[in-house]
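Just below is one structure, and these are the notes that go with it.
The values are calculated or read from the model by the stated rules, or taken from the named source; none is laboratory data. Please read these numbers as outputs of a predicted model, since none were measured by experiment. Glycine gets a Cβ as well: all are built from the backbone with ideal geometry, and neighbour counts include every protein chain shown. To get the accessible areas, we keep the full protein, side chains included, count just its heavy atoms, and leave off ligands, DNA and RNA. Shrake-Rupley method; radii C 1.70, N 1.55, O 1.52, S 1.80 Å.
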Amino acid sequence: MFQALESGMVMGSIYALLALAINIIYSTTGIINFAHGEIVMLGAMFALTFIVTSGIPFLLGLILTCITVAIVAVILYYCTVRPFGDKLGNSLGWLMATLGAGIVFTNIAMLVFGTQPKAFPPIGGSELVKIFGIKLLPHDIWVLVITLLIALFFNVVLGKTILGNAIKATSFSHSVTKLMGISSQKIVLTCFAMSGIIAAIAGILISPITFVGPQMTATIGLKGFGAAIIGGVGNSKGAFAGGLLLGILEALAMTQVTPGYKDAIAFLIMIIAISIKPEGIFGVAYEKKV
Amino acid sequence: MLKVNNIHVSYGKVEIIKQVSFEVNQGEVVVIIGANGAGKTTIMKTVTGLLKPTQGEILFEGQNIARTPAEKIVKLGLAMCPEGRQVFPQHTVYENLVLGGYLIRKDKPMFQKNIEQMYNLFPILKERSKQVAGTLSGGEQQMLAIARAMMSNPKLLLLDEPSAGLAPIYVKNIFDMIQKLSEQGTTILLVEQMANMALKIADRAYVLETGRIALGGTAVEIMNDPKVVESYLGSKKY
Ligand SMILES: Nc1ncnc2c1ncn2[C@@H]1O[C@H](COP(=O)(O)OP(=O)(O)OP(=O)(O)O)[C@@H](O)[C@H]1O
Ligand SMILES: [Mg+2]
């Protein structure tokens, strides 16, 4: 039971990181980046190349991965979102474009890295440590701590800084934000870069759990969207809560049914959550003033 | 200060603004009046750079800004209070003012001075500084929208129908404020359907009819033009 709870929190943290990044982009552009799971996969691939294959020290490798993936996310913006202009709500072009980009990323990964999943060392070694009588892998603790730190960091950035103010303003209206002398495009680019950095970190954190391969995030990516929706799209606290909730429920359900049903259970949870509270647990159905 | 020369503006293939020219001189209050759908908002958006003209030039202090991005035009000293107020509904009153002062954020004393000035001009904003703007009344939102635009120290302030949807008492209030801002040295370009009130505080006026300037002159001339009296001043709404 405790073991299930613990592994649920670990996977839940990963879903939360995905949901957080999906939300940042959603809130300023109104689009859902369907290539996000694949960007996380690329993060894992780059980390593998830098840290395992090239033997670059972990921290430096982490920074390099973050920079590289942030650049990939910015390129993704220019290729799949920018061509459709500011008024993304009016077209669904971005939907096909981001889905397509995801497929392109997977195929590039297959070509360059091969289809064979590769191992990635867990952070802090593979020796179990004992906390409150429960045996834990240090890596799991790192996942929880890093996720919590990132979520807190975002809460502060979005709630307390001028950048956060400008991001919130951009979610309301690009043109009114421009009238303040703020380049809404720069804000959107910043958000894409931030989503790339979170994706890189998420990629490094799941690699030891899933192994590194082109398909590693195929279902995890979908669960990230699920977590974002459960929490209320566009809400970063909700993303965090939604991710953890999904991870924990999924793990608890696993104690009752055979592992083959894992993904089915996760999607069932998502469907139930969405039908009970379509606007998400933290979502508010805004009324527009006329 | 602002000189608009023969601009044409289209949405897709539909040309809405046809060969429009007008100017605003330093220190003036200039009003553009016109019926619904005449193209007033389209002109304002074009001057602020949110829309680009297909032809013509827009000179602001001698510099052609027809191709300059909106966020750079604000830097030159041209701010707009957009149609429908458009305050940031999820930000507090204070945060709205902070965003309005984004360009002067590094100059802390100036920023503080501007905030104080706006609180003096609109005391209700000080009272409501921590309230979320979406929950303000329409009149309070309009004051906030004007104050937000004034935070960047504009030389020229554009106001798009500041009186729309407001109770008469608020309308009077808003026009008094506009006059005050003008007396304090801000040049003003105003778009209004409340032609009566607007012409009273204006120096000069233009009449816009289906995307063309039909008439231009001093406020007094326009006020006494028989056609204007008939179409825009005839039936007093209150
Ligand atoms: N985004 C748009 N796409 C297509 N047509 C538009 C768009 N915005 C405005 N129009 C059209 O352009 C014309 C002028 O609109 P505009 O908003 O400039 O009028 P207005 O004079 O400001 O009217 P009002 O007094 O009602 O605010 C209208 O016929 C309108 O339907
Ligand atoms: Mg209008």
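Could you name the lysines in cross-link range of residue B:227, using Cα to Cα under 28 Å and dropping any fewer than eight places away on the same chain?
B:3, B:18, B:40, B:45, B:172, B:200, B:236, B:237
Give me the distance in nm between label points sitting 7 Å out from Cα along the Cα-to-Cβ direction at residue B:172 and residue B:75, one decimal.
If labels sit at residue B:172 and residue B:75, their model points lie 4.4 nm apart.
To the nearest 20 debye, what charge dipole does region A:2-216 have about its Cα centre, counting +1 at the Cβ of each Lys and Arg and -1 at the Cβ of each Asp and Glu?
It works out to roughly 420 debye.
Just to be sure I understand: if you take the accessible area of chain A alone plus chain B alone and subtract the pair, with a 1.4 Å probe, what total do you get in Å², rounded to 100? Display every interim value, and only then the final one.
Working: alone 14400 and 11340 Å², together 23780 Å².
Separately minus together, A and B give about 2000 Å² buried.
Cα atoms only, region A:2-216: Rg and Dmax in Å?
Cα radius of gyration and Dmax of region A:2-216 are 18.1, 58 Å respectively.
Please give the Cα centre distance for region A:50-117 versus region B:189-238, rounded to the nearest Å.
56 Å
Going by average Cβ neighbours within 10 Å, how do the peptides A:36-45, B:197-206, A:120-129, A:159-168 rank, with the highest at the top?
Sorting A:36-45, B:197-206, A:120-129, A:159-168 by mean packing, highest first, produces A:36-45, B:197-206, A:159-168, A:120-129.
Listed here are the pairs B:72/B:113; A:118/A:277; A:237/B:113; B:72/B:180; B:52/B:108; which of them are more than 32 Å apart at the Cα? Write out the running numbers ahead of the final one.
Details: B:72/B:113 23 Å; A:118/A:277 39 Å; A:237/B:113 36 Å; B:72/B:180 27 Å; B:52/B:108 34 Å.
Going by Cα-Cα distance, A:118/A:277; A:237/B:113; B:52/B:108 fall outside the 32 Å limit.
Grab the other residues whose beta carbon is less than 15 angstrom from that of residue B:211, score K and R as +1, D and E as -1, and report the net. Show your work: numbers first, answer last.
On the way: positive: B:13, B:18, B:40, B:45, B:212; negative: B:15, B:209.
Summing Lys and Arg as +1 and Asp and Glu as -1 gives +3.
Could you work out which residue, out of A:241, A:109, A:35, moves most in a Gaussian network model of chain A, that is, has the largest mean-square fluctuation with Cα springs under 10 Å?
Residue with maximal mean-square fluctuation among A:241, A:109, A:35: A:109.
Between beta-carbons, use under 13 Å as the cut-off and find the net charge around residue B:148, counting Lys and Arg +1, Asp and Glu -1.
On the way: positive: B:85; negative: B:95, B:140.
With Lys, Arg at +1 and Asp, Glu at -1, the neighbours total -1.
Measuring from label point to label point, each 7 Å out along Cα→Cβ, what is the residue B:52 to residue A:1 span in nm?
Taking the simple label geometry, residue B:52 and residue A:1 are separated by 6.6 nm.
Going Cα to Cα from residue A:160, which aspartates and glutamates come in below 17 Å? Please leave out same-chain ones fewer than 8 positions away.
Candidates past the 8-residue exclusion: B:95.
Report the charge-dipole magnitude of region B:181-238 in Debye, nearest 20, computed about the Cα centre from +1 at each Lys and Arg Cβ and -1 at each Asp and Glu Cβ.
140 debye
Might you work out the accessible area of residue A:49 for me, using a 1.4 Å probe with all protein chains in place, and round it to the nearest 10 Å²?
50 Å²
Among A:23, A:235, A:155, whose mean-square fluctuation peaks in a Gaussian network model of chain A (Cα, cutoff 10 Å)?
Between A:23, A:235, A:155, it is A:155 that shows the largest mean-square fluctuation.
On C-alpha positions alone, give me the angle between the axis of helix A:162-172 and the longest principal axis of chain A, in degrees, nearest 10.
Approximately 70 degrees, to the nearest ten.
Students often forget the sequence filter, so: which aspartates and glutamates lie under 16 Å Cα-Cα from residue A:135 once same-chain residues fewer than 8 apart are removed?
A:6, A:127
Summing +1 for each Lys or Arg and -1 for each Asp or Glu, what net charge is found among the other residues whose Cβ lies under 9 Å from the Cβ of residue A:183?
Around residue A:183, the charge tally is +2.
Mind checking which of B:108, B:13, B:126 has the largest fluctuation in a GNM of chain B, springs on alpha carbons under 10 Å?
Most flexible of the set in this elastic network: B:13.
Only four residue types carry charge here, +1 at the Cβ of Lys and Arg and -1 at the Cβ of Asp and Glu. Report the dipole size of the protein assembly as shown about the Cα centre in Debye, rounded to the nearest 20.
Here the size comes out at about 260 debye.
Which whole number gives the average count of other chain Cβ atoms within 10 Å of the Cβ atoms across peptide A:167-178? Numbers along the way, then the final one.
Numbers: counts 0, 5, 8, 1, 2, 7, 4, 2, 8, 11, 5, 9.
Average per residue, whole number: 5.
Using amide H atoms built in the peptide plane, which far-off residues or other-chain residues are under 5 Å from residue A:136 H to H?
Long-range HN contacts for residue A:136: A:129, A:130, A:131.
Rolling a 1.4 angstrom probe over the protein heavy atoms, how many square angstrom per residue are accessible across region A:2-216?
Here the per-residue accessible area is 43 Å².
Can you give the extra length, in nm with one decimal, that the chain gains between residue A:116 and residue A:155 once fully stretched, where that is 0.36 nm per residue apart less the Cα-Cα distance?
Details: separation 39, 0.36 × 39 = 14.04 nm, distance 3.82 nm.
The residue A:116-residue A:155 span can extend by a further 10.2 nm.
For the protein assembly as shown, what does the convex hull of the Cα positions come to per residue, in cubic angstrom?
Roughly 174 Å³ of hull volume per residue.
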